[in-house]
Amino acid sequence: MEQRARQPAGDRAGDGDGQDPEEEAQKPALKDAQEVVVDQAAGAAWRVVDGLIALVLVIFAGLYLAAHPQPYIRGVLRMFPLARRHRIGEVMYACGYTLRWWLFGQLLAMAVVGVLMGVGLAIIGVPLAFALGVLAGLFEFIPTLGPMLGLLPALLLALTQGSNTAFWVLGLYSVVQTFEAYLLTPLVQQRVVHLPPVVTIITQVFFAWTVGPIGLLIAVPLVAVIMVIVQMLYVEDFLGDDMKVDAADQGAIEHAKAAPMEDDEEGGGT
């Protein structure tokens, strides 16, 4: 009897030393929440990696095409009648001229922004400063939205060092982007098709939604090429309106008209 009387008391003491029933009930919910957070973080990390891989592929493909465009141009020209090859060649040269200067401008901006951000973050004392500088430079390839994406990792790491460090990072970002937007980019874009910011953002959102991360990379150069094609084939040839357009567009068109046309010489016609 005495042992039986002590048994419930021992059980009650064990219950008091153990986990709270409410905490035990909350454990499955906490575990589910942790799994959701981990899954979302893994998905976000994979999208970032996917975007960076696409970025590298686009850069190398652009460099290769810019270095050796002639085989592709000749192949496309042979798909058109002899009478139209010269004009189609002019359009293709104008598109290539625009893309080359756009790519040059993007690579130059990437290098400058990457170096300035890396050095600036190192001076401020942000961890992984030079890695963050490289990341900021890579994101600079994406027009309009890229600089904001490149700021986020640096800002998050700066917040771990305190609000003052985050403030200095924002200041550094503002100075670097002001230099890039008002001095570096205008010097390069004198030879490149100018796109209104609203058109750029809408185009990027549309292509990102329909194509994925790579859509952010191809949106602006694709629209720039379309603008050149519309100007030359529709406005000039179809409508007969040889109006003077933006200096950058006109520069690309005049460059194309002055370019030698090997296939035209072979065909002997215009």
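Values as computed for the structure displayed
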| read-out | value |
| --- | --- |
| In nm, spacing of pseudo-spin labels at residue 160 and residue 230 (7 Å Cα→C-beta vector) | 4.6 nm |
| From phi via Karplus (6.51, -1.76, 1.60), per-residue ³J(HN,Hα) for the stretch 115-125 in Hz, x at Gly/Pro | 5, 5, 5, x, 5, x, 5, 5, 5, 5, x |
| Gained length - residue 201 relative to residue 60, 0.36 nm times residue gap less alpha-carbon distance | 48.4 nm |
| Residue 115 versus residue 167: modelled label distance in nm, points set 7 Å from Cα along the beta carbon direction | 3.1 nm |
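The numbers here are math on the coordinates, done by the rules we state, and not lab data. These figures come from a predicted structure and were not determined experimentally. Neighbour counts are summed over all protein chains in view; Cβ atoms, including those assigned to glycine, are modelled from backbone coordinates with ideal geometry.
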